[in-house]
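A.B. asks: Below is a structure I'd like to ask you about.
The values are calculated or read from the model by the stated rules, or taken from the named source; none is laboratory data. Quantities reported herein were computed from a predicted structural model and do not represent experimental measurements. Ideal geometry is used to build each Cβ from the backbone, glycine not excepted, and the neighbour counts take in all protein chains shown. Accessible surface is based on the protein model in full, side chains and every heavy atom, while ligands, DNA and RNA are left aside. Shrake-Rupley method; radii C 1.70, N 1.55, O 1.52, S 1.80 Å.
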Amino acid sequence: MGVHLKFHSIASRVFKHMAVLLLLVSCVESFEPETEIFESVLIVEATITNENKRQQVLLSRTFRLEEDGPNPESSAQVVVRDDQQNEFVFEEVEAGRYLSVQSFGALPNREYSLSVVTSDGRTYGSDSASLTAESQIVDLYASREENANGQDGIAILLDNQTNDENALFYRFEYEETYKIIAPRWVSVDAVVVRDRPSPPIIVLEPKTEEQRVCYNTELSNDIILGDTENSNQNVLTRFPVRFISSDNFIISHRYSILVKQFVQSREAFAFYETLNEFSSQTESLFSQIQPGFLNGNVFSTQNESEKVLGFFQVSTVTSQRLFFDYEDFFLGEPLPPYATDCSLEFTPDLLPGSPGGASPLVQAINSLGQKYVSSSGDENRPFILVNRPCGDCTALGSNVIPDFWVE
């Protein structure tokens, strides 16, 4: 059995590792490029928190190796219930992504469970779970350090504290946002007014939208776990959440990271820890290792032998945001290399190479999106162009300043 997974972009923060897991447990004697035996497995990511918000459940299914995916599980009925007979109904807001119709937060001393009915009538449930103990992030900070491989960079570190001896197990997620400044931006664009008949007419016009400064946000896609089970002080100190190499362009200007700390139950921690161990076996992905299927706490209520992959948990969550500038740690040092090579320049011909053909310059502007940086002084090749990201930051991010952003 050979299967491969893709997930909704949000779910992939955690469950991209499932692809590795299911491939590792595939019943094959040698790797085959096509799936001979396929088993559709429901994937569930459901973490209900104490935040008063529209809670989220993500559903998807495995897909065949030869398919592109993703394969979200759509048109399902999703409900979370507590032990006080309260029901929280979820609605599908995009393929495979379900949000609670009403905002709510998990309360202490309540038991919650998940119910899913898929469009084909299959029913699934979960073990009950209650809200975990509380723990606070005391400090989130950056430090210039070398990693275990001797690589220079920025370590994002965290200290936490708790007054509850039951807060022992943690999982972390982060959202990082960084400023992008297009290094070869100019205030005008080369605009094609007429491309035929030859010669084409191309004029320089002031840019009508922000293309110099942009922002991009990316979500963590690793399983980041920590625990204090064997700690005398029951705190995490200098816990490494993220390491960014000094040559990574995302820290070139201003960088921000929002770290979320989830307090987990022992069972949830063990699930993610095992999942992390499976994902580390990527190098032997197509070997004959048969580690077995990873069981979570979600199950079919109709067929006990049906495989279901995922975990329903109820967690307290706290978060903290950090900002820093490149100069805070690398004062006077050259910026990291940009996302693309901006030393490359292009001077396409204005006229087509053959009668009735297309103008290379028009193609470069309209089809390739290359950006004007200066005039060349050559009437046959009048403009010097660069690749789009070098002169237009919207190729890499959004020109809308995030609500939380501060300079």
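A.B. asks: Where the second residue is of a type in the set (Lys, Arg) and outside any strand (DSSP E or B) and the first is more than 30 Å from Asn52 (Cα to Cα) and lies in the range 298-316, which pairs have Cβ atoms under 7 Å and are six or more apart or on separate chains?
C.D. replies: Gln302/Arg122
A.B. asks: Pairs please, first residue from the range 250-268 and in contact (Cβ under 8 Å) with a residue 60 or more places away in the chain, second anywhere and part of a helix (DSSP H, G or I), Cβ atoms under 7 Å, 6+ apart in sequence or on different chains.
C.D. replies: Note: pairs meeting the criteria are Ile251/Tyr326; Ser252/Tyr326; His253/Tyr326.
A.B. asks: So, Ser319, is that one under 30 Å from Leu258 (Cα atoms) and either modelled with pLDDT of 95 or more or open to solvent by 60 Å² or more (accessible area, probe 1.4 Å) (or both) or not? Give the derivation first.
C.D. replies: On the way: under 30 Å from Leu258 (Cα atoms): yes; either modelled with pLDDT of 95 or more or open to solvent by 60 Å² or more (accessible area, probe 1.4 Å) (or both): yes.
Spelling it out, Ser319 is indeed under 30 Å from Leu258 (Cα atoms) and either modelled with pLDDT of 95 or more or open to solvent by 60 Å² or more (accessible area, probe 1.4 Å) (or both).
A.B. asks: Just for the range 180-211: of the residues that are in a loop (DSSP other than H, G, I, E, B) and of a type in the set (A, V, I, L, M, F, W, C), which one is surrounded by the most Cβ atoms within 10 Å (Cβ to Cβ)?
C.D. replies: Taking the range 180-211 and keeping what is in a loop (DSSP other than H, G, I, E, B), we get 182-187, 195-200, 207-211.
Pick out the ones that are also of a type in the set (A, V, I, L, M, F, W, C) and you get 182, 185-186.
On the way: Ala182: 23, Trp185: 18, Val186: 16.
Across the range 180-211, the extreme among qualifying residues is Ala182.
A.B. asks: So how many residues does the range 222-231 have that are within 29 Å of Pro337 (Cα to Cα) and either hydroxyl-bearing (Ser, Thr, Tyr) or open to solvent by 70 Å² or more (accessible area, probe 1.4 Å) (or both)?
C.D. replies: Taking the range 222-231 as the starting set, the residues that turn out to be within 29 Å of Pro337 (Cα to Cα) are 222-224.
Cutting the leftovers down to either hydroxyl-bearing (Ser, Thr, Tyr) or open to solvent by 70 Å² or more (accessible area, probe 1.4 Å) (or both) gives us 222.
The total comes to 1.
A.B. asks: Then there is this: Restricting attention to the range 365-383, and to residues there that are crowded, with 19+ Cβ neighbours inside 10 Å and over 32 Å from the mean Cα position of the chain (by Cα), which single residue is nearest to Thr208 (Cα to Cα)? Talk me through it step by step, then tell me what you get.
C.D. replies: If we filter the range 365-383 for residues that are crowded, with 19+ Cβ neighbours inside 10 Å, which is where we start, we get 365, 370-373, 383.
Those left that are additionally over 32 Å from the mean Cα position of the chain (by Cα): 372-373, 383.
On the way: Tyr372: 14, Val373: 16, Phe383: 20 Å.
Filtering the range 365-383 for residues that are crowded, with 19+ Cβ neighbours inside 10 Å and over 32 Å from the mean Cα position of the chain (by Cα), the one nearest to Thr208 (Cα to Cα) comes out as Tyr372.
A.B. asks: Right, here's the next one. Quick one: in the range 253-273, of everything that is farther than 19 Å from Ile154 by Cβ and polar (S, T, N, Q), which residue is most open to solvent (accessible area, probe 1.4 Å)?
C.D. replies: Ser265
A.B. asks: Let me ask something additional. Please work out which residue is modelled with the lowest pLDDT, limiting yourself to the range 216-251 and to residues that are of a type in the set (Val, Ile, Thr) and touching a helix residue (DSSP H, G or I) at 6+ places or on another chain (Cβ under 7 Å).
C.D. replies: If we take residues in the range 216-251 being of a type in the set (Val, Ile, Thr) and touching a helix residue (DSSP H, G or I) at 6+ places or on another chain (Cβ under 7 Å), then Ile223 is modelled with the lowest pLDDT.
A.B. asks: Tell me, yes or no, whether the range 151-159 has at least one residue that is aliphatic (A, V, I, L, M), assigned to a loop (DSSP other than H, G, I, E, B) and buried (at least 16 other Cβ atoms within 10 Å of the Cβ). I'd like the intermediate steps shown before the answer.
C.D. replies: Taking the range 151-159 and keeping what is aliphatic (A, V, I, L, M), we get 154-158.
Keeping just the survivors that are assigned to a loop (DSSP other than H, G, I, E, B) gives none.
Within the range 151-159 (the criterion being aliphatic (A, V, I, L, M), assigned to a loop (DSSP other than H, G, I, E, B) and buried (at least 16 other Cβ atoms within 10 Å of the Cβ)), the answer is no, since none of the residues qualifies.
A.B. asks: Just wondering, is there one or more residues in the range 232-252 that are open to solvent by less than 30 Å² (accessible area, probe 1.4 Å) and touching a His at 6+ places or on another chain (Cβ under 9 Å)?
C.D. replies: no
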